[in-house]
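The structure under discussion appears below in the form of structure tokens.
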Amino acid sequence: GAVVSQHPSRVICKSGTSVKIECRSLDFQATTMFWYRQFPKQSLMLMATSNEGSKATYEQGVEKDKFLINHASLTLSTLTVTSAHPEDSSFYICSARQGASGNTIYFGEGSWLTVV
Amino acid sequence: GENVEQHPSTLSVQEGDSAVIKCTYSDSASNYFPWYKQELGKRPQLIIDIRSNVGEKKDQRIAVTLNKTAKHFSLHITETQPEDSAVYFCAAYGGATNKLIFGTGTLLAVQP
């Protein structure tokens, strides 16, 4: 199946700093990528939908100025957590939809963020 | 927007028994319903999916049924094994927003 790579897998940062997470589709073009956050023992909550070449669409309650999303190419989307705080510590995971109309969605490996 | 509910939140079965997890969705325009298995700290793994033009799909010990009228779909695992123990998520995709929305998850424990 298609491969989505996410990096870094684990990151620890100091409170107040920014962290960038990358999501790449390795063998297909992804016009749409999704970013999720998952707290322990909870479900995956959609944060935003990232469309190549346009602004991301954020879910209600997600601060767009804090979680910056850039989808500059058909194979790369990035999530930057700005001015990180301990409550931002979570498992962040991206997914990519294969094709403009296809429904098959592939997930990255996820990134564990710990803010100290 | 789409809302997906999932039951039960925890399910314990004896090895060899069947397990059933049920989900309902709210957006009648959703047209793709995948099921994922997630182990702690790892990405969700697609185990089976069904599209809205099909009522049932089976893959070895796993089957999924879809009732579009009632807007619910179910995962059936037969002859459960300890390695089936994990968290299972249903999801719904499509509709007006083309987003993949997850259910709340079911922790399945298969007792040897």
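Tell me, in nm to one decimal, what length is gained between residue A:112 and residue A:63 on full extension, where the rule is 0.36 nm per residue of separation less the Cα-Cα distance?
Numbers: separation 49, 0.36 × 49 = 17.64 nm, distance 1.95 nm.
Extra length from residue A:112 to residue A:63 when fully extended: 15.7 nm.
Calculate the mean, over all residues of peptide A:41-48, of how many other protein chain Cβ atoms lie within 10 angstrom of the residue's Cβ. If you can, show how the numbers build up before the last one.
Details: counts 5, 3, 11, 11, 2, 7, 0, 1.
So the per-residue partner count for this stretch is 5.
Could you work out the local net charge near residue B:80, counting Lys and Arg as +1, Asp and Glu as -1, over the other residues with Cβ closer than 13 Å to its Cβ? Mind dumping the intermediate values first?
On the way: positive: B:37, B:61; negative: B:15, B:17, B:79, B:83, B:84.
Net local charge, residue B:80 excluded: -3.
For the protein assembly as shown, which whole-number percentage of the solvent-accessible area (1.4 Å probe, protein heavy atoms only) is attributable to carbon and sulfur atoms?
Working: 5500 of 11130 Å².
Looking at the protein assembly as shown in its full context, I get 49 percent from C and S.
I'd like the trypsin sites (Lys or Arg not before Pro) in segment A:1-61 restricted to DSSP loop residues with at most 16 other Cβ atoms within 10 Å, sorted by number. Before the final figure, lay out each step's value.
Working: sites: A:10, A:14, A:20, A:24, A:37, A:41, A:55; in loops: A:14, A:41, A:55.
In loop regions of segment A:1-61 (DSSP not H, G, I, E or B), the sparsely surrounded trypsin sites (Lys or Arg not before Pro) are A:14, A:41, A:55.
Given a 1.4 Å probe and no ligands, DNA or RNA in the count, how much accessible surface is buried by B and A, both sides, to the nearest 100 Å²? The partial results should precede the final answer.
On the way: alone 6340 and 6410 Å², together 11130 Å².
For B against A, buried area totals roughly 1600 Å².
Could you work out the local net charge near residue B:29, counting Lys and Arg as +1, Asp and Glu as -1, over the other residues with Cβ closer than 14 Å to its Cβ?
Values: positive: B:51, B:68, B:71, B:99; negative: B:2, B:27.
Summing Lys/Arg as +1 and Asp/Glu as -1 gives +2.
In segment B:1-99, what GluC sites (Glu not before Pro) fall in a loop by DSSP, with at most 14 other Cβ atoms inside 10 Å? Don't skip to the end; give the middle numbers.
Numbers: sites: B:2, B:5, B:15, B:39, B:56, B:79, B:83; in loops: B:2, B:15, B:39, B:79.
Filter output for segment B:1-99: B:15, B:39, B:79.
Restricting to bridges with both residues inside chain B, how much of the DSSP beta-bridge set is antiparallel, in percent to the nearest 5?
Details: 39 of 44 bridges.
Roughly 90 percent of the DSSP beta bridges within chain B come out antiparallel.
Local charge sum around residue B:99 (other residues, Cβ-Cβ under 13 Å, Lys/Arg +1, Asp/Glu -1)? Mind dumping the intermediate values first?
On the way: positive: A:97; negative: A:59, B:2, B:27.
Around residue B:99, the surrounding residues sum to -2.
Spit out the partnerless Cys residues in chain A, using Cβ distances under 4.7 Å as the pairing rule.
A:13
For chain A, calculate the relative contact order in percent as a whole number, restricting contacts to Cα pairs under 8 Å that are 6 or more residues apart. If you can, show how the numbers build up before the last one.
Values: 301 pairs, mean separation 42.8, N = 116.
Relative contact order comes out at 37 percent.
Across segment A:1-96, how many lysine pairs, 8 or more apart or on two chains, come within less than 18 Å at their alpha-carbon atoms? Could you put the intermediate results ahead of the total?
Values: A:14/A:66; A:20/A:55; A:20/A:64; A:20/A:66; A:55/A:64; A:55/A:66.
Value for segment A:1-96: 6.
If r is the Cβ-Cβ distance from residue A:13 to residue A:72 and R0 is 25 Å, what FRET efficiency results, to the nearest 0.05? Working shown, then result.
Working: r = 23 Å, r/R0 = 0.91.
So the FRET efficiency works out to roughly 0.65.
The values are calculated or read from the model by the stated rules, or taken from the named source; none is laboratory data. Given the structure is predicted, the values throughout are model-derived calculations rather than measurements. Backbone-built Cβ (ideal geometry, glycine too); neighbour counts: all protein chains shown. For accessibility, only protein heavy atoms count, side chains too; no ligands or nucleic acids. Shrake-Rupley method; radii C 1.70, N 1.55, O 1.52, S 1.80 Å.
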